[in-house]
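Take a look at the structure below.
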Amino acid sequence: MEDDFQTMGPVENFGRTVNFWCRASSIYASYKMTQARVALLRTHKKNSNVTEIVDRIWHKQHTESGKAMYELCINLKGFYIKAGQFIGCKVDLVPQQVCESLSRLQDKVPAMKPEMVRQIIETEFSPRTLKDLFQEIDLESTLGSASIAQVHRGRLRTPHQENDGKGQEIAVKVQFPDAERKMRADFWNLRKLAAILEKYDLPVQLSGAIDELEGQVKLEFDFRNEAKFMDAISDNLKSMKRQVCIPRSVPGLVTKRVLVMDYLEGVQLAELSRLTQAYSERARKAAARRILTRLSKAYGRMMLVDGVFQADGHPGNILVMKNGTVGLLDYGQSKVLTEDQRLAFARMVCALNDKKDEDVLTAMDMMGVLTKNPHQASRLKHASNMFDTLGSLDAFSAESVLKLNPITRFPTDYFLVVRVIQLLRALAHNMEVDDFSCVHQWQGYAGTAIKNAKRGQSVDIKGI
């Protein structure tokens, strides 16, 4: 496993590209063959159990493809881990078997060996050693390991009286060697794959989403940027500290490749359903709604009022802490919205919540979202699907509005906004909160944004 973290040269890069296309084309071809097989079966087999046979065929296909996608991501790492994490969250769009396989990528990626972690930390903080920095640090196990880094638990060397003389509990995020170079190289492959899917299968601007993600990734590899975003968001959400907890960086212990921050004690959201099995159905649903509401309101406040938000949420980055407080981790991908973008989105939220069709269409124009034809009913459907959790982005259905009236222009700055909404939609689906509407949760924040704009009050992004 150590070899996976060595520097990659031209030969290794070429081999990595070949490896990707061999695996990806095999998965793609298997789906095309299954589509043809099912179509042929429906044409020639008219008996009553054809649906059951087709379901079994697709179940097998999705199960095998999910395993193949997981192996692709684990084998190649880099951006493929991040792409797999994103796909694995889409339980409302992606087959369950695929989601189950890819959900393992959220924080269980094979980790670096302890000696390599030690070497990176001591190189970044030279001439200080691990013993100089930490009272204790567990290099043998990780709190999580994902696409570009792994996280270890420890205590600072400086004692605090409130901790009975023990140092502050911290989490230490350490970047994988050569991770940035690998991930940048992956984008070429993903753009080519996106072009194929856009042309033959998905009427969605995948290339635009990849462009936006690539821009974010450039920032993600400098943990000093992540610390700035994390600390700013922590300040912005102070008034919600009983509902949402954001860690802060430790001053003087942040470099490009190592980030030392507050340790948050909690249970990953992905593990919550297993831990609440003994609860009554009513208690489980009440707890799920409370957690989802707190998370949703935090995102609403970030996007609509503060103009800066964490954009890489998935169940592995969300903790349920004591008293139901939600802990939100990982600020490597964070986004700043301009005043005009916030205001246009706020108008969309208000219009959808108030069910004012004319205002929804006006907000779409303000946001710069264009469709192939001006058909109002389909444009309204697009708005609901993209900007409210009650909607659904089903790109594969023949009746999908994405196919009936394709989106021809979607500003890349809003891709990460839609990503947040898709996360909340997927969580609501998984947690069986079927009537959850994010625009209903966000109407107050949207109203505040509009009122502040009318008063000429702008947002202080604090130098980000």
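The values are calculated or read from the model by the stated rules, or taken from the named source; none is laboratory data. As the structure is a computational prediction, the values presented were derived from the model and not from experiment. Positions of Cβ are backbone-derived with ideal geometry, glycine not excepted, and every protein chain shown enters the neighbour counts. Just so you know, the surface numbers come from the protein's heavy atoms only, side chains and all, with ligands and any DNA or RNA stripped out. Shrake-Rupley method; radii C 1.70, N 1.55, O 1.52, S 1.80 Å.
Part of a helix (DSSP H, G or I) and either surrounded by fewer than 16 Cβ atoms within 10 Å (Cβ to Cβ) or in contact (Cβ under 8 Å) with a residue 24 or more places away in the chain (or both) - does that describe any residue in segment 370-377?
Scanning segment 370-377, I find at least one residue that is part of a helix (DSSP H, G or I) and either surrounded by fewer than 16 Cβ atoms within 10 Å (Cβ to Cβ) or in contact (Cβ under 8 Å) with a residue 24 or more places away in the chain (or both), so the answer is yes.
Could you please let me know if residue 86 is modelled with pLDDT under 80, within 24 Å of residue 219 (Cα to Cα) and open to solvent by 60 Å² or more (accessible area, probe 1.4 Å)?
For residue 86, the condition - modelled with pLDDT under 80, within 24 Å of residue 219 (Cα to Cα) and open to solvent by 60 Å² or more (accessible area, probe 1.4 Å) - is met.
Out of all the residues in segment 414-438, which are at pLDDT below 90 and open to solvent by 50 Å² or more (accessible area, probe 1.4 Å)?
Within segment 414-438, 429, 430, 432, 434 meet the criteria.
List the pairs whose first member sits in segment 337-365 and is more than 13 Å from residue 305 (Cα to Cα), whose second member is open to solvent by 10 Å² or more (accessible area, probe 1.4 Å) and hydroxyl-bearing (Ser, Thr, Tyr), and whose Cβ atoms are under 7 Å apart, counting only residues at least 6 apart or on separate chains?
352/384
Can you find, within segment 289-311, the residue that is nearest to residue 438 (Cα to Cα) among those that are in contact (Cβ under 8 Å) with a residue 60 or more places away in the chain and of a type in the set (D, E, K, R)?
297
Is segment 227-246 home to any residue that is under 21 Å from residue 327 (Cα atoms), modelled with pLDDT of 95 or more and in a strand (DSSP E or B)?
yes
Would you check if there is a residue in segment 400-409 being at pLDDT below 90, more than 23 Å from the chain's Cα centre (by Cα), loosely packed, with under 15 Cβ neighbours inside 10 Å and closer than 27 Å to residue 87 by Cβ?
For segment 400-409, residues at pLDDT below 90, more than 23 Å from the chain's Cα centre (by Cα), loosely packed, with under 15 Cβ neighbours inside 10 Å and closer than 27 Å to residue 87 by Cβ: present.
Go through segment 226-259 residue by residue and tally those that are touching a residue at least 24 places away in the same chain (Cβ under 8 Å), of a type outside the set (Ser, Thr, Tyr) and more than 24 Å from residue 296 (Cα to Cα).
Summing the residues that are touching a residue at least 24 places away in the same chain (Cβ under 8 Å), of a type outside the set (Ser, Thr, Tyr) and more than 24 Å from residue 296 (Cα to Cα) in segment 226-259 gives 7.
Looking for something assigned to a helix (DSSP H, G or I) and closer than 22 Å to residue 309 by Cα - is there at least one such residue anywhere in segment 395-409?
For segment 395-409, residues assigned to a helix (DSSP H, G or I) and closer than 22 Å to residue 309 by Cα: absent.
Among what's in segment 162-172 and is at pLDDT 80 or above and either part of a loop (DSSP other than H, G, I, E, B) or open to solvent by 20 Å² or more (accessible area, probe 1.4 Å) (or both), pick the residue that is farthest from residue 14 (Cα to Cα).
Among them, the one singled out is 168.
Please determine, by comparing only the residues of segment 139-161 that are open to solvent by 60 Å² or more (accessible area, probe 1.4 Å) and over 30 Å from residue 214 (Cα atoms), which one is nearest to the chain's Cα centre (by Cα).
Going through the qualifying residues, I end up with 140.
Taking segment 94-122 only, how many residues are open to solvent by 50 Å² or more (accessible area, probe 1.4 Å) and touching a residue at least 40 places away in the same chain (Cβ under 8 Å)?
Number satisfying all stated conditions: 1.
Find all pairs meeting these conditions: Cβ atoms under 8 angstrom apart; at least six residues apart or on different chains; first residue within segment 398-423 and farther than 11 Å from residue 382 by Cβ and of a type in the set (Asp, Glu); second residue crowded, with 20+ Cβ neighbours inside 10 Å and modelled with pLDDT of 90 or more.
413/335; 413/337; 413/341
Of the numbered conditions (1) surrounded by fewer than 22 Cβ atoms within 10 Å (Cβ to Cβ); (2) touching a helix residue (DSSP H, G or I) at 6+ places or on another chain (Cβ under 8 Å); (3) part of a helix (DSSP H, G or I), residue 392 satisfies every one except a single condition; which is it?
All conditions pass for residue 392, except number (3).
Residues being closer than 19 Å to residue 342 by Cα, aliphatic (A, V, I, L, M) and in contact with a Leu (Cβ under 8 Å, 6 or more places away or on another chain): count how many of those fall in segment 405-423.
1
Of the conditions (1) exposed (fewer than 12 other Cβ atoms within 10 Å of the Cβ); (2) modelled with pLDDT of 80 or more, residue 7 clears all except one; give me its number.
(2)
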